[in-house]
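Chemist: Here it is, the structure in full.
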There are 2 protein chains.
Amino acid sequence: MRICEMDRKELIALKERLDAAYRSFRQRGLKLDMSRGKPGPDQLDACSAVLDAPFGDVRAEDGTDARNYGVLEGLPEAKRYFGELLGIDPRRIIVGGNASLTLMYDMMMRLYVFGVGGNAPWRSFPKVKFLCPSPGYDRHFAITEELGFEMIPVRMTSSGPDMDEVERLAADPAVKGIWCVPLYSNPQGICYSDDTVKRLGKMKCGAPDFKIFWDNAYGVHHLYGETPLYDIFRACEEGGNPERAYYFFSTSKITFPGGGVSIFATGYGEHAEIAKRLGIQTISYDKLNQLRTIRFLKDKPTTMAHMAKMAEFLRPKFDTVLSTLERELGGTGLATWEKPRGGYFVAVDVLPGCAKRVVELAAEAGVKLTPAGATYPLHRDPEDRNLRIAPSYPSVAELAAAMELFCLAVKLAAVEKLLN
Amino acid sequence: MRICEMDRKELIALKERLDAAYRSFRQRGLKLDMSRGKPGPDQLDACSAVLDAPFGDVRAEDGTDARNYGVLEGLPEAKRYFGELLGIDPRRIIVGGNASLTLMYDMMMRLYVFGVGGNAPWRSFPKVKFLCPSPGYDRHFAITEELGFEMIPVRMTSSGPDMDEVERLAADPAVKGIWCVPLYSNPQGICYSDDTVKRLGKMKCGAPDFKIFWDNAYGVHHLYGETPLYDIFRACEEGGNPERAYYFFSTSKITFPGGGVSIFATGYGEHAEIAKRLGIQTISYDKLNQLRTIRFLKDKPTTMAHMAKMAEFLRPKFDTVLSTLERELGGTGLATWEKPRGGYFVAVDVLPGCAKRVVELAAEAGVKLTPAGATYPLHRDPEDRNLRIAPSYPSVAELAAAMELFCLAVKLAAVEKLLN
């Protein structure tokens, strides 16, 4: 019988059984973290050659001594490598430090302080609004929150953000841009359809400097075969808006989150202006780490083979999450979820008003989840129902226990709510 | 006979001799770069163990997996190492990426966009002024230029910036801070006296958030034994201004300019606020490179022994520059210079109106110098007389030739000027 169809007596009886199960979970003294998308140690060990291989020649292919100052936009082989991997013209690319998040923040700061392409700096407007497909990535929203932008949540559909809504909102000149994780979105694992990408490229925007922050964080992070993604630069060019997209990517979840290489790609028209401003902030990023990383990842085929190996670590974890959800919550009417085919997260929508309680129950039994609300601007999930599961770090055995507890917490929270 | 005392006929005869010497220089087809303070390849080779040593344990001393996300402010051993090396309480320190310049730029951006310590963001003032001891570091000035600050040059004395002038100017509430390279200043190699540092710490400032950007880039880069430097944090605390100084340092010229580790130290009162804002820009800097670098540099004694080895490469170069200057230009009245006891530069003041011409003459004979004016705000040397020599990159033999040409160019430019 579905829980939401039970009468009060049945619910009380169920609650007693769930409470007992929960108590026995608490006695197990779990201590697990499913809160952040961190690769597990086994996965990192499989990249150890990056650290252990002798460095070899300190010179880049053009003779640049990678140890010394210079080459602001990145070594030629690094630009070419990322260009090949992602299908981006290397001339668009700037190779950065270990964090694409920093490249996004820095670009947002430049837009705010200086503006680009002859447009007024965003600080000069009384109000700046930014579109935030939600649920989304908390660290994106933190950047636009920090700058005081009004963040407008846009509902996600199974093919990306609700484009009717995006088009309607983008007509407002105060709306200056949108955050996008187009492949295996954080947290739902949704992939943008060709139609979504094309509409983003061609839609009419009220602001001449409307910007798409295209964080393709999981661009090669497939778990069950490749999912195609329409080229955002092509979509923007076809739509007559060649400077609209800023493309971000990194090797944080290809090699090491703490010591990878990030990139930033732009339209041709703004590239030189952005590079010039960047040249005030730094002389050059870490070129030694560019060589170290590129020499390990070599080329697209080598990298895709490496990512297939990474998927071997991750797939059983996703399978555990999804099969436990299906077994424990399938057909209960208590939760819905997408089935990601890549990326680092699974998102679960529980009954409205229950997400915070699920996090609390899980925490009290030793399983740390991403705080409820974190996936929404200002940490405010209007319905208090979205939960993010990050299955990458724990082992499969730990995850099995944690997911059982998670599902139990979802049921318990639901019963508590229905009894109130 | 001193050139400035010659009559026209003597000058013409001299010019003919100098022209002939210059022509023969041009025929030698030199191709040398004395424009930037880059370590030479021999110096970098002496650091090769950083790259070639097996990485070893990926865990920091507190068990942190340096490969993964986290630890925003830097690994404990990295903080402790820099604290010991520089005499800074590790609790003040944030360990950054490969460029202290970026830490300075980012801090300036935070002051501009957000403000600190409850003070209004600098963007909210109709005018922001910044003190620029000159000649100084062009990349510092580029940051304050980028933000549209009015840069006020302050004359350098042999004990640091003219403090009477600094104190007079700092009383203006629009003056928000000062750039300082306190040891072996770029480009003159001047060291700030205790009195200068103490006066900076205690002077009365019109702006409550007056900031000292203390770029101790050459803090351990002694060539002829250690030069002491008064603790800027102590000076500020003794002066009742504990939040006044931001301290920057890096291993760019200890290990690799392209792949070192930088730090940023603050007052205790602002530290948490700054770290919180930094946490929006990044999850963590490259902790693997922190371990790699710290394991090579180990502790203060090991680092000072390493720097003594670095000095073995640099001292003959500085000796060549200074002895050639003395031999060719000493007593001529055509040039003055400080004799740096460390750092990466020598600055030469030539006759007013001659610096640009010297750079031009050197370039035409194959020696690239830092552009004249670069050492002043907005690239405007009011007297067109200051030249920066960066002797670190060329070999001693190359440098000997380049310096001969340099001195010849100084004489030739002077004679041309006197004849006009």
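Chemist: Taking the options B:A53, B:A66, B:A78, name whichever one is aliphatic (A, V, I, L, M), surrounded by fewer than 15 Cβ atoms within 10 Å (Cβ to Cβ) and touching a residue at least 40 places away in the same chain (Cβ under 8 Å). I'd like the intermediate steps shown before the answer.
Modeler: Working: B:A66 fails: surrounded by fewer than 15 Cβ atoms within 10 Å (Cβ to Cβ); B:A78 fails: surrounded by fewer than 15 Cβ atoms within 10 Å (Cβ to Cβ).
When all the criteria are applied, what remains is B:A53.
Chemist: Related question: When you go through A:K9, A:K31, A:K15 one by one, which is the residue that is out of contact with any Pro (no Cβ under 8 Å at 6 or more places or on another chain), among the basic types (K, R) and without any contact (Cβ under 8 Å) to a residue 12 or more places away in the chain?
Modeler: A:K9
Chemist: To continue, here is another question. Within region B:16-35, take every residue that is part of a loop (DSSP other than H, G, I, E, B) and among the small types (G, A, S) and give me the one that is nearest to B:L399 (Cα to Cα).
Modeler: Of region B:16-35, the ones part of a loop (DSSP other than H, G, I, E, B) are B:28-31, B:35.
Adding the requirement that they be among the small types (G, A, S) leaves B:29, B:35.
Numbers: B:G29: 14, B:S35: 12 Å.
Step by step, filter region B:16-35, then rank; the result is B:S35.
Chemist: Scanning region B:263-291 for residues that are in contact with a Phe, Trp or Tyr (Cβ under 7 Å, 6 or more places away or on another chain) and within 13 Å of chain A (Cβ to nearest Cβ), which turns out nearest to B:G56 (Cα to Cα)?
Modeler: B:L288
Chemist: Which ones in region B:88-111 are more than 19 Å from the chain's Cα centre (by Cα), within 13 Å of chain A (Cβ to nearest Cβ) and more than 30 Å from A:S124 (Cα to Cα)?
Modeler: Applying the first criterion (more than 19 Å from the chain's Cα centre (by Cα)) to region B:88-111 yields B:88-95, B:109-111.
Next, from what is left, pick out any that are within 13 Å of chain A (Cβ to nearest Cβ): B:95, B:109-111.
Across region B:88-111, the qualifying residue is only B:V95.
Chemist: On to the next question. All but one of (1) surrounded by fewer than 21 Cβ atoms within 10 Å (Cβ to Cβ); (2) assigned by TED's automatic domain parsing to the domain that holds A:G74; (3) not small (G, A, S) hold for A:L322; which doesn't?
Modeler: Of the numbered conditions (1) surrounded by fewer than 21 Cβ atoms within 10 Å (Cβ to Cβ); (2) assigned by TED's automatic domain parsing to the domain that holds A:G74; (3) not small (G, A, S), the odd one out for A:L322 is (2).
Chemist: Continuing with this model, one more query. Can you tell me which residue in region A:373-394 is surrounded by the fewest Cβ atoms within 10 Å (Cβ to Cβ), limited to those that are out of contact with any Pro (no Cβ under 9 Å at 6 or more places or on another chain) and touching a residue at least 24 places away in the same chain (Cβ under 8 Å)?
Modeler: A:L378
Chemist: Within the bounds of region A:281-300, is there any residue that is surrounded by 17 or more Cβ atoms within 10 Å (Cβ to Cβ) and touching a His at 6+ places or on another chain (Cβ under 7 Å)? Write out each step before concluding.
Modeler: From region A:281-300, those surrounded by 17 or more Cβ atoms within 10 Å (Cβ to Cβ) are A:281-294, A:296-297; that's our starting set.
When the remaining residues are screened for being touching a His at 6+ places or on another chain (Cβ under 7 Å), the result is A:297.
Looking through region A:281-300, at least one residue is surrounded by 17 or more Cβ atoms within 10 Å (Cβ to Cβ) and touching a His at 6+ places or on another chain (Cβ under 7 Å).
Chemist: Can you name every residue in region A:395-406 that is surrounded by fewer than 22 Cβ atoms within 10 Å (Cβ to Cβ) and either part of a loop (DSSP other than H, G, I, E, B) or touching a Ser or Thr at 6+ places or on another chain (Cβ under 6 Å) (or both)?
Modeler: Residues satisfying the conditions are A:S395, A:V396, A:A400.
Chemist: Do we have A:I254 as within 14 Å of another protein chain (Cβ to nearest Cβ), modelled with pLDDT of 95 or more, surrounded by fewer than 23 Cβ atoms within 10 Å (Cβ to Cβ) and touching a helix residue (DSSP H, G or I) at 6+ places or on another chain (Cβ under 8 Å) here? Before you say what the answer is, go through the steps one by one.
Modeler: Values: within 14 Å of another protein chain (Cβ to nearest Cβ): yes; modelled with pLDDT of 95 or more: yes; surrounded by fewer than 23 Cβ atoms within 10 Å (Cβ to Cβ): no; touching a helix residue (DSSP H, G or I) at 6+ places or on another chain (Cβ under 8 Å): yes.
No; evaluated as a whole, the condition is false for this residue.
Chemist: Testing B:G267 on (1) over 18 Å from B:K176 (Cα atoms); (2) out of contact with any strand residue (DSSP E or B) (no Cβ under 6 Å at 6 or more places or on another chain), one condition comes back false. Which one is that?
Modeler: In the conditions (1) over 18 Å from B:K176 (Cα atoms); (2) out of contact with any strand residue (DSSP E or B) (no Cβ under 6 Å at 6 or more places or on another chain), B:G267 misses (1) alone.
Chemist: Moving on. Any residue in region A:183-192 that is surrounded by fewer than 19 Cβ atoms within 10 Å (Cβ to Cβ), farther than 20 Å from A:L378 by Cα and either touching a helix residue (DSSP H, G or I) at 6+ places or on another chain (Cβ under 8 Å) or away from chain B (no Cβ under 14 Å) (or both)? Even if it seems obvious, please write down each step before you answer.
Modeler: As a first pass, look at region A:183-192 and keep what is surrounded by fewer than 19 Cβ atoms within 10 Å (Cβ to Cβ): none.
For region A:183-192, residues surrounded by fewer than 19 Cβ atoms within 10 Å (Cβ to Cβ), farther than 20 Å from A:L378 by Cα and either touching a helix residue (DSSP H, G or I) at 6+ places or on another chain (Cβ under 8 Å) or away from chain B (no Cβ under 14 Å) (or both): absent.
Chemist: Sort out which residues of region B:133-149 are more than 11 Å from the chain's Cα centre (by Cα) and either facing chain A (nearest Cβ under 8 Å) or under 14 Å from B:D106 (Cα atoms) (or both), and write them in order of number.
Modeler: Step one: list which residues in region B:133-149 are more than 11 Å from the chain's Cα centre (by Cα), which gives B:133-134, B:141-149.
Result: B:A142, B:I143, B:T144, B:E146, B:L147.
Chemist: Let me ask something else about it. Please list, ordered by first then second residue, the pairs with beta carbon atoms under 6 Å, 6 or more apart or interchain, first in region B:112-124 and within 14 Å of chain A (Cβ to nearest Cβ) and surrounded by fewer than 19 Cβ atoms within 10 Å (Cβ to Cβ), second of a type in the set (G, A, S) and in a loop (DSSP other than H, G, I, E, B).
Modeler: Pairs found: B:P121/B:G115.
Chemist: Inside region B:158-171, can you point out the residues that are surrounded by fewer than 16 Cβ atoms within 10 Å (Cβ to Cβ), without any contact (Cβ under 8 Å) to a residue 60 or more places away in the chain and not in a helix (DSSP H, G or I)? I'd like the intermediate steps shown before the answer.
Modeler: Residues of region B:158-171 that are surrounded by fewer than 16 Cβ atoms within 10 Å (Cβ to Cβ), as a first pass: B:158-159, B:164, B:167-168, B:171.
Among the residues that remain, those that are also without any contact (Cβ under 8 Å) to a residue 60 or more places away in the chain are: B:159, B:164, B:167-168, B:171.
Within region B:158-171, B:S159, B:A171 qualify.
Chemist: In region B:362-372, how many are assigned to a loop (DSSP other than H, G, I, E, B) and surrounded by fewer than 21 Cβ atoms within 10 Å (Cβ to Cβ)? Can you show your working first?
Modeler: Within region B:362-372, the first condition is being assigned to a loop (DSSP other than H, G, I, E, B), and the residues that meet it are B:365-366, B:370-372.
Restricting the remaining residues to those that are surrounded by fewer than 21 Cβ atoms within 10 Å (Cβ to Cβ) gives B:366, B:371.
Total satisfying the criteria: 2.
Chemist: Further question on the same structure: So which of A:L44, A:L85 ends up being aliphatic (A, V, I, L, M), within 8 Å of chain B (Cβ to nearest Cβ) and touching a Lys or Arg at 6+ places or on another chain (Cβ under 9 Å)?
Modeler: Result of the check over A:L44, A:L85: A:L44.
Chemist: Output the residues belonging to region B:329-344 that are surrounded by 15 or more Cβ atoms within 10 Å (Cβ to Cβ) and within 30 Å of B:P257 (Cα to Cα).
Modeler: Across region B:329-344, the qualifying residues are B:W337, B:E338, B:P340, B:R341, B:G342, B:G343, B:Y344.
Chemist: Let me ask another. Return the residue satisfying two criteria in turn: it lies in region B:12-40 and is aliphatic (A, V, I, L, M) and within 30 Å of B:K309 (Cβ to Cβ), and of such residues it is surrounded by the fewest Cβ atoms within 10 Å (Cβ to Cβ). Outline the logic, then answer.
Modeler: Keep residues of region B:12-40 that are aliphatic (A, V, I, L, M), which gives B:12-14, B:18, B:20-21, B:30, B:32, B:34.
Next, from what is left, pick out any that are within 30 Å of B:K309 (Cβ to Cβ): B:30, B:32, B:34.
Numbers: B:L30: 17, B:L32: 20, B:M34: 26.
Filtering region B:12-40 for residues that are aliphatic (A, V, I, L, M) and within 30 Å of B:K309 (Cβ to Cβ), the one surrounded by the fewest Cβ atoms within 10 Å (Cβ to Cβ) comes out as B:L30.
Chemist: What single numbered condition from (1) in contact (Cβ under 8 Å) with a residue 12 or more places away in the chain; (2) within 14 Å of another protein chain (Cβ to nearest Cβ); (3) under 30 Å from B:A272 (Cα atoms) fails to hold for B:A174?
Modeler: B:A174 satisfies all of (1) in contact (Cβ under 8 Å) with a residue 12 or more places away in the chain; (2) within 14 Å of another protein chain (Cβ to nearest Cβ); (3) under 30 Å from B:A272 (Cα atoms) except (2).
Chemist: Which of (1) at the interface with another protein chain (Cβ under 10 Å from one of its Cβ atoms); (2) over 30 Å from B:M107 (Cα atoms); (3) modelled with pLDDT of 95 or more does B:G56 not meet, given it meets every other one?
Modeler: (3)
Chemist: Of all residues being in contact (Cβ under 8 Å) with a residue 40 or more places away in the chain and over 15 Å from A:G219 (Cα atoms) in region A:303-319, which is surrounded by the fewest Cβ atoms within 10 Å (Cβ to Cβ)? Just the residue, please.
Modeler: A:K309
Chemist: Check off (1) surrounded by fewer than 22 Cβ atoms within 10 Å (Cβ to Cβ); (2) touching a Cys at 6+ places or on another chain (Cβ under 6 Å) for A:V128 and give me the number that stays unchecked.
Modeler: (2)
Chemist: Kindly establish whether B:K176 is in contact with a Gly (Cβ under 9 Å, 6 or more places away or on another chain), at negative phi and assigned by TED's automatic domain parsing to the domain that holds B:S134. Write out each step before concluding.
Modeler: Details: in contact with a Gly (Cβ under 9 Å, 6 or more places away or on another chain): no; at negative phi: yes; assigned by TED's automatic domain parsing to the domain that holds B:S134: yes.
No: the conditions fail for B:K176.
Chemist: Separate question: Filter region B:203-229 down to the residues that are out of contact with any Phe, Trp or Tyr (no Cβ under 6 Å at 6 or more places or on another chain) and small (G, A, S), then identify the one that is surrounded by the fewest Cβ atoms within 10 Å (Cβ to Cβ).
Modeler: B:G225
Chemist: How about region B:345-361: which of its residues are in a helix (DSSP H, G or I) and surrounded by 18 or more Cβ atoms within 10 Å (Cβ to Cβ)? I'd like the intermediate steps shown before the answer.
Modeler: Going residue by residue through region B:345-361, those that are in a helix (DSSP H, G or I) are B:355-361.
Answer for region B:345-361, where residues must be in a helix (DSSP H, G or I) and surrounded by 18 or more Cβ atoms within 10 Å (Cβ to Cβ): B:A355, B:R357, B:V358, B:V359, B:L361.
Chemist: Can you name the helices (runs of 4 or more DSSP H) wholly within region B:184-291 that have at least 1 residues being under 18 Å from B:G160 (Cα atoms)? First the steps, then the outcome.
Modeler: Working: elements: B:194-202, B:232-238, B:268-281.
Of the helices (runs of 4 or more DSSP H) lying wholly inside region B:184-291, those with at least 1 residues that are under 18 Å from B:G160 (Cα atoms) span B:194-202, B:232-238.
The values are calculated or read from the model by the stated rules, or taken from the named source; none is laboratory data. From a predicted model like this one, the values you see are computed outputs, not experimental measurements. Note that each Cβ is placed from the backbone with ideal geometry, even for glycine, and that neighbours are counted across all protein chains shown.
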